[in-house]
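Asks: Have a look at this one before I ask anything.
The values are calculated or read from the model by the stated rules, or taken from the named source; none is laboratory data. All values derive from a computational prediction rather than experimental measurement. Every residue, glycine as well, gets a Cβ built from its backbone with ideal geometry; the counts of neighbours run over all protein chains shown. Heads up: the accessible areas ignore ligands, DNA and RNA and are worked out on the full protein's heavy atoms, side chains in. Shrake-Rupley method; radii C 1.70, N 1.55, O 1.52, S 1.80 Å.
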Number of protein chains: 4
Amino acid sequence: MKKLKMGMVGGGSGALIGAVHRRAALMDGEIEFAAGALSSTKEKALASGRDLGLPEERNYASWEEMLESELGLPEQQRIDFVSVVTPNHLHFPVAHAFAEAGFNVVLDKPMVHTSEQAQRLVEEVEKTSVVFAVTYNYSGYPMVKQARHMVQKGELGEIRKVIVEYNQGWLATKLEDSGAKQAEWRTDPARSGIAGAVGDIGSHAENLVSTITGLEISEICADLTTFVEGRRLDDDANLLIHYTNGAKGVLIASQVSAGEENDLHIRVYGTEGGLEWRQEEPNHLISKPMGAPAQVLKRGNDYLCEEAKRASRLPPGHPEAFIEAFANVYMSVGAAIRARQEQAEPDELLRNFPCVYDGARGVHFIEKTVESSRSTQKWLDARWRAAGRHRQTL
Amino acid sequence: MKKLKMGMVGGGSGALIGAVHRRAALMDGEIEFAAGALSSTKEKALASGRDLGLPEERNYASWEEMLESELGLPEQQRIDFVSVVTPNHLHFPVAHAFAEAGFNVVLDKPMVHTSEQAQRLVEEVEKTSVVFAVTYNYSGYPMVKQARHMVQKGELGEIRKVIVEYNQGWLATKLEDSGAKQAEWRTDPARSGIAGAVGDIGSHAENLVSTITGLEISEICADLTTFVEGRRLDDDANLLIHYTNGAKGVLIASQVSAGEENDLHIRVYGTEGGLEWRQEEPNHLISKPMGAPAQVLKRGNDYLCEEAKRASRLPPGHPEAFIEAFANVYMSVGAAIRARQEQAEPDELLRNFPCVYDGARGVHFIEKTVESSRSTQKWLDARWRAAGRHRQTL
Amino acid sequence: MKKLKMGMVGGGSGALIGAVHRRAALMDGEIEFAAGALSSTKEKALASGRDLGLPEERNYASWEEMLESELGLPEQQRIDFVSVVTPNHLHFPVAHAFAEAGFNVVLDKPMVHTSEQAQRLVEEVEKTSVVFAVTYNYSGYPMVKQARHMVQKGELGEIRKVIVEYNQGWLATKLEDSGAKQAEWRTDPARSGIAGAVGDIGSHAENLVSTITGLEISEICADLTTFVEGRRLDDDANLLIHYTNGAKGVLIASQVSAGEENDLHIRVYGTEGGLEWRQEEPNHLISKPMGAPAQVLKRGNDYLCEEAKRASRLPPGHPEAFIEAFANVYMSVGAAIRARQEQAEPDELLRNFPCVYDGARGVHFIEKTVESSRSTQKWLDARWRAAGRHRQTL
Amino acid sequence: MKKLKMGMVGGGSGALIGAVHRRAALMDGEIEFAAGALSSTKEKALASGRDLGLPEERNYASWEEMLESELGLPEQQRIDFVSVVTPNHLHFPVAHAFAEAGFNVVLDKPMVHTSEQAQRLVEEVEKTSVVFAVTYNYSGYPMVKQARHMVQKGELGEIRKVIVEYNQGWLATKLEDSGAKQAEWRTDPARSGIAGAVGDIGSHAENLVSTITGLEISEICADLTTFVEGRRLDDDANLLIHYTNGAKGVLIASQVSAGEENDLHIRVYGTEGGLEWRQEEPNHLISKPMGAPAQVLKRGNDYLCEEAKRASRLPPGHPEAFIEAFANVYMSVGAAIRARQEQAEPDELLRNFPCVYDGARGVHFIEKTVESSRSTQKWLDARWRAAGRHRQTL
């Protein structure tokens, strides 16, 4: 199998998330790191590329140069896709330009700053039919896929309630004043957008609910807070949610929950039982059927659904974790790109990955949350009215 | 030490909570079960008393008879206190009558149906100075006392956020139609009051927050639901809360969270760290100081605060649980009654028990929650404006 | 129901285990504390009895006096049983004298010092047919009863392996030199017998295996250690075990495992799956069927066996713990005593309690462990060859 | 940084452990997969290499061909090291040949079949000074490094007791008859050596104790069992251990513990406290200081030792797992190889990896365990008397 050529925008030396993307993309040996414009600063971009062993001719000083040069290559030699891992404010221009030029795109979340930008990306993707993924990476965990499977099969009955939380504590102090790069841009509206905790992690929580349950939000009631004095964006968010099927939800996202690390945690309750999953112990999924013993389903076992098994690399008890889940997103994206190139159907088990519609819905969620938080009205209509299909691969 | 004589109203054969009260009260050998009017049905009352070994002359057919007869005894021979463990609608008349007659009272929660009744009880207690306890039994757990101690000592810094949940699943189906007595009255407005899940368990959650943090609610935004068709009271509640110090809260209470048993669970986050406690694993308290390893504090150890140690009966690793916590409420009540009788100060370590003010605040909380749920306005002022002192024993 | 009258030998003021026995015995209101000789020191005995509210005429100065006086009463007025909760060296003379006189006996473990004494007790019990219980209290936990049920039903297939541990750390330092009474006599051969950790807690571990699995030991290989300098008995024990059915076992008991509290923990593996139970989280039993998700069975649920349900007092999620398990032993003993008095069959669900045969087998196990530890030979025959029946209630 | 060129022997299509080695080696972008002789069957070897994208000229039909061809290349172009991931019986000839020819070697465990072979490898490594690693991969976990650090710093005081377990259930049935390749060779003495469970996973347990505590075994008493009828090697092992410092140990390894997955679990107790770590929850390390709350140390935090932090790729709460730990072994090996090539000192934080001495000690342990199991004598001297240095990098 010929490796797919990945280009990367952003993610230069020292950038946490760029390194994660590279490890995830390269993990299965089906993708190679072929080109990059790794920083918005020319010198840093080039130095980073050299550090990372990019060939000189594809170690670009800017994403514009990369786009132009790659377009100048014969189609077979071009990168097969670009991964955009910059701070949020660059997501739109970069992703739009590459998609417009016909490149497949992997874009970090939240997708863009505004619903208007989101809509333009959706239209571009519908026009060009490029593969376009948004790295809601937690959707890649095998036990998340198993949870979705169980909900879809009706094992929980009709869903009544969803409690999703994303508790972090790393911004409990004014870390952005200490020189910590990520804290700086995450709390800067110009680079991060209109929301802080909601944009960074609340959006993951929203996506996780959607991924597992397929529920659609009808109304929300949000309470955003900025606890750390002088911070310019929210660092704590609590929401009540109504879903269109009548289910009720609570969504909690905080970056000032001192002592917590990366506690993404979901509980789903239906008429027949409940499900619970925690990102910090990702190999386990707890099923709580009504009137029967709780079950602990564990990654890698034969009794799991096919899609969960396809997303595993190791036998039971040999834990997999964050990078492998991230790699699963890339694995699906790779399959979709190959299918597009070969005009074939992708592997049935790899069809689900977060796409431009998920990204657009996430931006909509962020905007509505901020709007609701500012309102004295209890319930805000937060329905997401996307035209056309909702999942790229369907 | 002479045993205190307990009279009981309600709690006849087959009543779960009556048996719990008796086991709790008798556990430490300082209280005896001396009299009772154990059912609202005369025959059942007398039969229950005989089953439970009450002396004939104090096995009463009704609470009115018990009140009259006991008052007719010389003061030394009367019961030292009455425990009222009837369905909610009888709480007010019984408790009020006994308090008015000068008897000390232990009353189950929620205290009464309305704030007006609550106010009348408060006034009666202030007038007569009887010892008046409301059995928010979860406050009796040693690790809850330890949590309060740590918050009071400032170990968490200033409190920013409180997440409290009380998840049950036992009413996920229409159990009240199956002949289950407790389900029947819990879902009957005439006997249970204006609220279902909120009244039964939401009130415990409210009390737990207050017990541990001392925070006072300023505003709430509530979303109550009745999921089970035909049920007449809410079976699910989700609240956003503002506390007067600026802290934010989420309170979740549900009796349709299928697969959950009695999952009362609290997390408190301050500027310096967090605390976590679960009722289903009550011997452990997790402390999460910022920037340091999490700690698991365990009941019975020397490193705990004096009040937590005083509330323990067994060495570390020999688990204590629900009944012992309940017994701790009775132990404090007993000490308060003896102190009142002897006009002495009670043991410093036994001074804290949930009292008439906690009961009144709980009733207020239930009323405001129902009111908020019906409102289209986001925030409802839910401040509890009690005149005078807030804790009976101070 | 007339309450059974309990007499107690030992367990005066300040004695941990005496208070536990009283709480356990009295918990269900079917037993009353009627008489006692609560210390080997006359003054302390009488003072303790007064503290605990014993009637003057049955507050005895010595167990000999108690035995004589009670025998002098009309049979109907005598105590129904005696609980012996002294240090180990008094177990034999007291228990033997009461049994010989026809009193039912509850005796703490380990039963006696030597197999010869054990045999004499067995013979006495067989002669007099008194009810004779040995308080291996951990056998009273509902989830232990559930575990036994599942093994007996064959849910694990044929048992291949048992790992049982009892890890404590309270004797990691030379606590016996600090004035701690229990540490003093537990480490004194004259009062404790030939073994330290093995006698005190290893015997509980042995009993737990026997209770749950019914397996019989054929050979053992023991390694006893005294880690704390100057201590006169072992404080750490590790054993390899062969069972007569071919199963293999590991038994670990330690009182110097610093940081552990009361970690009694058993895992049983059969050809079809495994079971796991921990005393410190006693409401849960983990079942691990081969090729299927692990299950967490929780106390109080309808899906448990009848005997486990009979041993529960509270609904699911309202945790029960150590004292309730201890009370379950007393509940069974009470049923057996009433059945003997009424010449009836006891409640089927209350038939199982640890009896004189369990006590004798435990003493044999302790002796063989010490013998093996001193031997250079690998395997020591440790079969327990009891004549006649093995369980009093069968 | 120039990537190191890895050659691989074994690990063709479908081989679990080969894929793990490749993912681990490639994860950090410092190693490339340059050459291979991926199967002992020529056709399978070549097909596998093509599947995995090896260049034609370095896709070898046999390891002998690979050795010869690589030696024929200019030194700069040769592979920098060979990873040997064949079944055990090929370990010795392949590793010895490559080491003799001056190639650095990464070899799977157990290192070889016999102590004599181990000794010859040790001598070869000492002669040629090649970097020689044995992939006791669990030593790569950051929290294992933290545990070692804490023991070395004396935080536990003097070590008294070590309980190590490796419980698996995958061989609870006669899987080797079902065509499962790994089960086949693992249970075949010709390919696996003289031991089954002890060789495959008992050796990991032995290494983990040594890695964390540095304790040296003096005597062992082993009980090996073959539970599955017709199996030719042990599938269950239980050992009592004496360490040279007076500490006592228990080592349990089983592949018939039905329901367990990959439960490698260690507890270390010293005079000041205990430590606990489980491979299935590898991001946590539990510290149990005597007389203080237990602590849960979590991967990725600043409070950990430098070596543990160096071995982490992600922030706290973003779990890392098996592959990352495996990659840490390769990271250290890579640093050692570069240091050798540049005649420099390796990064201080990367100096520890399991080397030829660990491998030799492991083989010795396996041999002594089998010998002890066959003996009627209780204690067998199992001291490992290696000449010279014990750690390649020291």
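Asks: Please work out which residue is nearest to the chain's Cα centre (by Cα), limiting yourself to segment D:336-351 and to residues that are closer than 22 Å to D:Pro142 by Cβ and of a type in the set (Gly, Ala, Ser).
Replies: D:Ala336
Asks: Mind listing just one residue for me: the one in segment D:252-261 that is assigned to a strand (DSSP E or B) and facing chain C (nearest Cβ under 7 Å) and, of those, farthest from C:Leu171 (Cα to Cα)? Lay out the reasoning, then the answer.
Replies: Of the residues in segment D:252-261, the ones assigned to a strand (DSSP E or B) are D:252-254.
Filter once more, so that each one left must be facing chain C (nearest Cβ under 7 Å): D:252, D:254.
Values: D:Ile252: 25, D:Ser254: 31 Å.
Among them, the one singled out is D:Ser254.
Asks: So if I check each of B:Leu215, B:Leu171, which one is part of a loop (DSSP other than H, G, I, E, B) and open to solvent by 10 Å² or more (accessible area, probe 1.4 Å)? Can you show your working first?
Replies: Values: B:Leu171 fails: open to solvent by 10 Å² or more (accessible area, probe 1.4 Å).
One residue alone meets the criteria, B:Leu215.
Asks: Also, quick follow-up: Grab the helices (runs of 4 or more DSSP H) fully contained in segment A:17-113, keeping just those with 1 or more residues being crowded, with 17+ Cβ neighbours inside 10 Å, β-branched (Val, Ile, Thr) and at pLDDT below 95. Working first, answer last.
Replies: Details: elements: A:42-51, A:63-72, A:91-100.
Counting at least 1 such residues, we get no helices (runs of 4 or more DSSP H) at all.
Asks: Could you say whether any residue in segment B:262-285 is open to solvent by less than 20 Å² (accessible area, probe 1.4 Å), in a loop (DSSP other than H, G, I, E, B) and aliphatic (A, V, I, L, M)? Before the answer, list the steps.
Replies: First, pick out the residues of segment B:262-285 that are open to solvent by less than 20 Å² (accessible area, probe 1.4 Å): B:262-270, B:273-275, B:277, B:279, B:282, B:285.
From the residues that got through so far, the ones that are in a loop (DSSP other than H, G, I, E, B) too are B:262, B:279, B:282.
Narrowing further to those that are aliphatic (A, V, I, L, M): none.
Checking segment B:262-285: not a single residue is open to solvent by less than 20 Å² (accessible area, probe 1.4 Å), in a loop (DSSP other than H, G, I, E, B) and aliphatic (A, V, I, L, M).
Asks: Tell me, please, whether a residue that is within 30 Å of A:Lys288 (Cβ to Cβ), without any contact (Cβ under 8 Å) to a residue 12 or more places away in the chain and either not in a helix (DSSP H, G or I) or not acidic (Asp, Glu) (or both) can be found in segment A:139-153. If you could, list the steps in order and put the result at the bottom.
Replies: Taking segment A:139-153 and keeping what is within 30 Å of A:Lys288 (Cβ to Cβ), we get A:139-153.
Imposing the further condition that a residue be without any contact (Cβ under 8 Å) to a residue 12 or more places away in the chain reduces the set to A:153.
Those still in the list that are either not in a helix (DSSP H, G or I) or not acidic (Asp, Glu) (or both) too: A:153.
Yes, there is a match, as at least one residue in segment A:139-153 is within 30 Å of A:Lys288 (Cβ to Cβ), without any contact (Cβ under 8 Å) to a residue 12 or more places away in the chain and either not in a helix (DSSP H, G or I) or not acidic (Asp, Glu) (or both).
Asks: Then there is this: Taking A:Asn207 and the conditions (1) facing chain B (nearest Cβ under 10 Å); (2) in contact with a strand residue (DSSP E or B) (Cβ under 9 Å, 6 or more places away or on another chain), which numbered condition does it fall short on, given that it satisfies the others?
Replies: Every listed condition holds for A:Asn207 apart from (1).
Asks: Then there's this: Filter segment A:310-334 for residues that are under 22 Å from A:His21 (Cα atoms) and open to solvent by 20 Å² or more (accessible area, probe 1.4 Å); which is nearest to the other protein chains (Cβ to nearest Cβ)? Before you say what the answer is, go through the steps one by one.
Replies: As a first pass, look at segment A:310-334 and keep what is under 22 Å from A:His21 (Cα atoms): A:310-314, A:319-334.
Those left that are additionally open to solvent by 20 Å² or more (accessible area, probe 1.4 Å): A:310, A:312-313, A:331.
Numbers: A:Arg310: 15, A:Ser312: 11, A:Arg313: 7, A:Met331: 13 Å.
Across segment A:310-334, the extreme among qualifying residues is A:Arg313.
Asks: Pull up segment A:1-56, narrow it to residues that are touching a residue at least 60 places away in the same chain (Cβ under 8 Å) and β-branched (Val, Ile, Thr), then point me to the one that is nearest to A:Phe98 (Cα to Cα). Walk me through it before giving the result.
Replies: Looking only at segment A:1-56, we keep the residues that are touching a residue at least 60 places away in the same chain (Cβ under 8 Å), and these are A:4-11, A:14-18, A:20-21, A:23-25, A:27-28, A:30-31.
When the remaining residues are screened for being β-branched (Val, Ile, Thr), the result is A:9, A:17, A:20, A:31.
On the way: A:Val9: 11, A:Ile17: 20, A:Val20: 22, A:Ile31: 19 Å.
For segment A:1-56, the residue satisfying everything is A:Val9.
Asks: Let me ask something additional. So D:Arg340 fits all but one of (1) more than 26 Å from D:Leu16 (Cα to Cα); (2) more than 14 Å from every other protein chain (Cβ to nearest Cβ); (3) buried (at least 18 other Cβ atoms within 10 Å of the Cβ); what number is the exception?
Replies: The failed condition is (3).
Asks: Continuing with the same structure: Could you check segment A:297-309 and list, in sequence order, the residues that are facing another protein chain (nearest Cβ under 8 Å) and not in a loop (DSSP other than H, G, I, E, B)? If you could, list the steps in order and put the result at the bottom.
Replies: Of segment A:297-309, the ones facing another protein chain (nearest Cβ under 8 Å) are A:297-298, A:300-303.
Scanning segment A:297-309 gives A:Leu297, A:Lys298.
Asks: Tell me, which residue of segment B:238-251 that is among the polar types (S, T, N, Q) and outside any strand (DSSP E or B) is nearest to the other protein chains (Cβ to nearest Cβ)? Lay out the reasoning, then the answer.
Replies: Keep residues of segment B:238-251 that are among the polar types (S, T, N, Q), which gives B:238, B:244-245.
Retained after the next criterion (residues that are outside any strand (DSSP E or B)): B:244-245.
Working: B:Thr244: 15, B:Asn245: 12 Å.
The residue in question is B:Asn245.
Asks: Something else now. Working only within segment A:367-382, note down all residues that are assigned to a loop (DSSP other than H, G, I, E, B) and free of Cβ contacts under 8 Å to residues at least 12 places away in the same chain.
Replies: So in segment A:367-382, the residues assigned to a loop (DSSP other than H, G, I, E, B) come out as A:375-376, A:378-379, A:382.
Passing the criteria: A:Ser375, A:Thr376.
Asks: Sticking with this structure for a sec: Go through the residues of segment C:321-328 one by one and say whether even a single one is in a loop (DSSP other than H, G, I, E, B) and out of contact with any strand residue (DSSP E or B) (no Cβ under 6 Å at 6 or more places or on another chain).
Replies: Yes; the residues of segment C:321-328 include at least one that is in a loop (DSSP other than H, G, I, E, B) and out of contact with any strand residue (DSSP E or B) (no Cβ under 6 Å at 6 or more places or on another chain).
Asks: With the requirement that a residue be of a type in the set (A, V, I, L, M), touching a Leu at 6+ places or on another chain (Cβ under 9 Å) and at pLDDT 95 or above, what does segment D:137-185 give you? Before you say what the answer is, go through the steps one by one.
Replies: As a first pass, look at segment D:137-185 and keep what is of a type in the set (A, V, I, L, M): D:143-144, D:147, D:150-151, D:156, D:159, D:162-164, D:171-172, D:175, D:180, D:183.
The next check asks that each one be touching a Leu at 6+ places or on another chain (Cβ under 9 Å); those that pass are D:143-144, D:147, D:150-151, D:156, D:159, D:162-164, D:183.
Listed by number, the residues that qualify are D:Met143, D:Val144, D:Ala147, D:Met150, D:Val151, D:Leu156, D:Ile159, D:Val162, D:Ile163, D:Val164.
Asks: Now for a different question. Could you check segment D:270-296 and list, in sequence order, the residues that are of a type in the set (A, V, I, L, M, F, W, C) and away from chain C (no Cβ under 14 Å)? Lay out the reasoning, then the answer.
Replies: Residues of segment D:270-296 that are of a type in the set (A, V, I, L, M, F, W, C), as a first pass: D:275, D:277, D:285-286, D:290, D:292, D:294, D:296.
Once the filter is applied, which keeps residues that are of a type in the set (A, V, I, L, M, F, W, C) and away from chain C (no Cβ under 14 Å), segment D:270-296 yields nothing.
Asks: Could you grab me the full set of residues in segment D:167-188 that are within 19 Å of the chain's Cα centre (by Cα) and within 11 Å of another protein chain (Cβ to nearest Cβ)?
Replies: D:Asn167, D:Gln168, D:Gln182
Asks: Right, next: Go through (1) among the β-branched types (Val, Ile, Thr); (2) open to solvent by 10 Å² or more (accessible area, probe 1.4 Å); (3) within 14 Å of chain B (Cβ to nearest Cβ); (4) within 16 Å of A:Arg278 (Cα to Cα) and name the single condition A:Val164 misses.
Replies: Only one criterion is unmet by A:Val164, namely (2).
Asks: Name, by its number, the condition in (1) within 14 Å of chain C (Cβ to nearest Cβ); (2) surrounded by 23 or more Cβ atoms within 10 Å (Cβ to Cβ); (3) among the basic types (Lys, Arg) that does not hold for D:Lys145.
Replies: Every listed condition holds for D:Lys145 apart from (1).
Asks: Hey, another quick one. So which residues in segment C:174-202 are open to solvent by 50 Å² or more (accessible area, probe 1.4 Å), assigned to a loop (DSSP other than H, G, I, E, B) and over 19 Å from D:Glu272 (Cβ atoms)?
Replies: C:Ile194
Asks: Do we find that B:Ala195 is within 25 Å of B:Ala360 (Cβ to Cβ), within 14 Å of chain A (Cβ to nearest Cβ) and either touching a His at 6+ places or on another chain (Cβ under 8 Å) or in contact (Cβ under 8 Å) with a residue 40 or more places away in the chain (or both) in this structure?
Replies: On the way: within 25 Å of B:Ala360 (Cβ to Cβ): yes; within 14 Å of chain A (Cβ to nearest Cβ): no; either touching a His at 6+ places or on another chain (Cβ under 8 Å) or in contact (Cβ under 8 Å) with a residue 40 or more places away in the chain (or both): yes.
Spelling it out, it is not the case that B:Ala195 is within 25 Å of B:Ala360 (Cβ to Cβ), within 14 Å of chain A (Cβ to nearest Cβ) and either touching a His at 6+ places or on another chain (Cβ under 8 Å) or in contact (Cβ under 8 Å) with a residue 40 or more places away in the chain (or both).
Asks: Then there's this: Counting just the residues of segment B:224-237 that are in a strand (DSSP E or B) and either in contact with a Pro (Cβ under 9 Å, 6 or more places away or on another chain) or open to solvent by 10 Å² or more (accessible area, probe 1.4 Å) (or both), which one comes out nearest to the other protein chains (Cβ to nearest Cβ)? Give the steps one after another, and end with the answer.
Replies: Keep residues of segment B:224-237 that are in a strand (DSSP E or B), which gives B:224-225, B:236-237.
If we keep only those that are either in contact with a Pro (Cβ under 9 Å, 6 or more places away or on another chain) or open to solvent by 10 Å² or more (accessible area, probe 1.4 Å) (or both) as well, we get B:224-225.
On the way: B:Leu224: 9, B:Thr225: 5 Å.
Taking the candidates together, the pick is B:Thr225.
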